[in-house]
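Enquirer: Submitted below is the structure of interest, expressed as structure tokens.
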Amino acid sequence: MSMNIAIDGPAGAGKSTIAKRVAKEMGYIYVDTGAMYRSLALYFIRLGIDKDDEARISEAVKDADVTIKYVNGEQQVLLNDENVTGLIRTEEVGNMASASSVYSSVRSKLLDLQRNLAASNDVIMDGRDIGTCVLPNAQVKVFLTASVDTRADRRYKELVEKGENPDLDKIKKDIEERDYRDSHRENAPLRQADDATLVDSSNMSIEEVVDAIINLCKDKM
Ligand code: DC
């Protein structure tokens, strides 16, 4: 049976940084489910669909095919065979992903892809509903969080390093809105699974969080 590690948590908690490192150390595949939702969001944006137009989104999603492949160990997302990995990291796409992922038509589109990957590989998968919905039987479940201020600060520094001139208050507001929407939606909301371990990374280094998760895995092997 394959080993499955589920990492859920709010935007900006450091899930992907941590999951990539754990994957490398354990020799697992890292599956970024947010990237899948983002690629569908890009599809809706390109079609000019409003985020609140559930009918059009549910119709459009039928023609959107999302697959993933790995190049040098890095996940690449393909949208109708186009590699969109480099196009999905914008705030616009992130906000559309948060808004469109509330619809069951969008969520069910990705569920099989996520479950099939976990059934045939040792994976560490991150998202919002992995421990609660996608992989309820994952051997290790972590709910990774950090305070809103910490997450906003991290995002601010990332953007400054990229040469941008971000507005900290705006980042904080976006994070709060995204947290609210992701955790209050009807379908597979962001929530800590009953059997998940809570890790608050506000005052932890990346290494400390990685070590904590690897120790949880060792206990289960
Ligand atoms: O992790 P991220 O910021 O790339 O995710 C973008 C959005 O996609 C997030 O705000 C909500 C949605 N998402 C989801 O609903 N379920 C997941 N498993 C992963 C992401």
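Only the coordinates and a few stated rules stand behind these numbers; no lab work does. Please read all numbers here as calculations on a predicted model, not as lab measurements. Note that each Cβ is placed from the backbone with ideal geometry, even for glycine, and that neighbours are counted across all protein chains shown.
Enquirer: Excluding residue 54 itself, what net charge comes from residues whose Cβ is under 15 Å from its Cβ, given Lys and Arg +1 and Asp and Glu -1?
Expert: For residues surrounding residue 54, the net value is +2.
Enquirer: Could you go through the range 36-49 in sequence order and give the Karplus-derived ³J(HN,Hα) for each residue, using 6.51 cos²θ - 1.76 cosθ + 1.60 with θ = phi - 60°, rounded to whole Hz, and x for Gly and Pro?
Expert: Along the range 36-49, the couplings run 5, 5, 5, 5, 5, 4, 4, 4, 5, 5, 4, 7, x, 7 Hz.
Enquirer: Next up: Which length gain, in nm to one decimal place, applies between residue 16 and residue 83 when the Cα-Cα distance is subtracted from 0.36 nm times their residue separation?
Expert: The residue 16-residue 83 span can extend by a further 22.2 nm.
Enquirer: Work through the residues other than residue 83 whose Cβ is under 14 Å from its Cβ and net out their charges, Lys, Arg +1 and Asp, Glu -1.
Expert: Summing Lys/Arg as +1 and Asp/Glu as -1 gives -1.
Enquirer: Here is a further query. Tell me, how many Å apart are the Cα centres for the range 152-221 and for the range 4-73?
Expert: Between the Cα centres of the range 152-221 and the range 4-73 lies a distance of 15 Å.
Enquirer: Something else about it: Of the cross-linked pairs 24/220; 24/172; 51/172; 24/162; 141/173, which ones have a Cα-Cα span greater than 23 Å in the structure shown?
Expert: Distance filter (> 23 Å) returns 24/172; 24/162; 141/173.
Enquirer: For the pair residue 55/residue 215, report the inter-label distance in nm, with labels modelled 7 Å from Cα in the Cβ direction.
Expert: Modelled inter-label distance: 5.5 nm.
Enquirer: Along the charge dipole of the chain, Cβ charges K/R +1 and D/E -1, which of 75, 150, 17 sits furthest on the positive end?
Expert: The one lying farthest along the dipole's positive direction is 75.
Enquirer: Exposed loop sites here are trypsin sites (Lys or Arg not before Pro) in DSSP loop states with at most 12 other C-beta atoms within 10 Å. What is the longest stretch of the chain lacking them?
Expert: Result, exposed sites excluded: 1-88.
Enquirer: In addition: Could you compute how fast the chain diffuses translationally, taking Rh as the Kirkwood radius over C-alpha pairs and applying Stokes-Einstein at 25 °C with viscosity 0.890 mPa s? Give it in µm² per second.
Expert: 138 µm²/s
Enquirer: Counting other Cβ atoms within 10 Å of each Cβ, which GluC sites (Glu not before Pro) in the range 186-221 have at most 15 and sit in a DSSP loop?
Expert: 186
Enquirer: Note down the net charge around residue 141, summing +1 for each Lys or Arg and -1 for each Asp or Glu among other residues with Cβ under 11 Å from its Cβ.
Expert: -2
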